[in-house]
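These notes concern the structure reproduced below.
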């Protein structure tokens, strides 16, 4: 018995005995079986695109990167007190960038703001004593801007500050319980988080018996 095999073109028809046709069919199936594992391995080991994930942490600054846009807003609205404050803060940040302690967190920014609040409050007292109401008003407007920024930055609760001071005192020997030693340990516990430094200083002074 013979079987006629033909391609698309009728002129290429080929007549073969049945045993030979079966042999070709089996050979073709065996060949494909050799390649199937290879195809499977290729699919399984195909390179995949690495996953890139961002994790948000509480230490990421929120106010610091906003200063430039706040400056533009103040320029458009001609808000002179805000302009003066933001430019002053940015000048401090630039100066700090040239040192070993650049301002990279809201905690460091909070320290700058607190320092300027103290300076502004002192200036107001001096202007009041000199009866310069015009300068008092100008300085008060800038102080309000500074306090607005300070209030936006989340701070360590006073109860936690108290706990850190107490823990620092307990871990130090009696003769080493001085202001500097306690402050160093407390700052380590804060880990760069903003805190009310005026309150912290007062608590440490009370704890070490400094009047």
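The numbers here are math on the coordinates, done by the rules we state, and not lab data. If you're wondering where the values come from, they're calculated on a predicted model, not measured in any experiment. Cβ sites come from the backbone with ideal geometry, for glycine too, and all protein chains shown count toward neighbours.
Compute the distribution of all C-alpha to C-alpha distances in the stretch 88-140, in bins of 10 Å from 0, and list the percent of pairs in each, rounded to whole numbers.
Answer for the stretch 88-140: a P(r) of 24, 38, 24, 13, 0 percent.
Going by C-beta contacts inside 10 Å, put 92, 160 in order with the fewest on the left.
The most exposed by this proxy come first: 160, 92.
Could you check the simple spin-label distance between residue 125 and residue 157, using points 7 Å along Cα→Cβ, in nm with one decimal?
Each label point is offset 7 Å from its Cα along the Cβ direction, giving 3.2 nm.
Using the Kirkwood formula on the Cα atoms of the stretch 64-152, what hydrodynamic radius do you get, in angstrom to one decimal?
13.7 Å
If each Cα of the stretch 158-208 is one equal point scatterer, what is log10 of I(q)/I(0) from the Debye formula at q = 0.19, 0.25, 0.29 Å⁻¹?
With one equal scatterer per Cα and no solvent, log10 I(q)/I(0) is -0.52, -0.90, -1.22.
Describe numerically, in nm with one decimal, the distance between label points set 7 Å from Cα along Cα→Cβ at residue 201 and at residue 134.
Placing both labels 7 Å beyond Cα along the Cβ direction yields 3.3 nm.
Could you compute the FRET efficiency for residue 73 and residue 190, with r as their C-beta to C-beta distance and R0 at 45 Å, rounded to 0.05?
Step by step, r from the Cβ atoms, then E = 0.90.
When a footprinting reagent is the concern and you count Cβ atoms within 10 Å, what order do 75, 143, 172, 109 take, fewest first? Can you show the working numbers first?
Working: 75 12, 143 19, 172 16, 109 24.
If I rank by nearby Cβ atoms, fewest first, I get 75, 172, 143, 109.
At 25 °C and a viscosity of 0.890 mPa s, what translational diffusion coefficient does Stokes-Einstein give for the stretch 56-211, taking Rh as the Kirkwood radius over Cα pairs? Give it in µm²/s as a whole number.
Translational D for this selection: 141 µm²/s.
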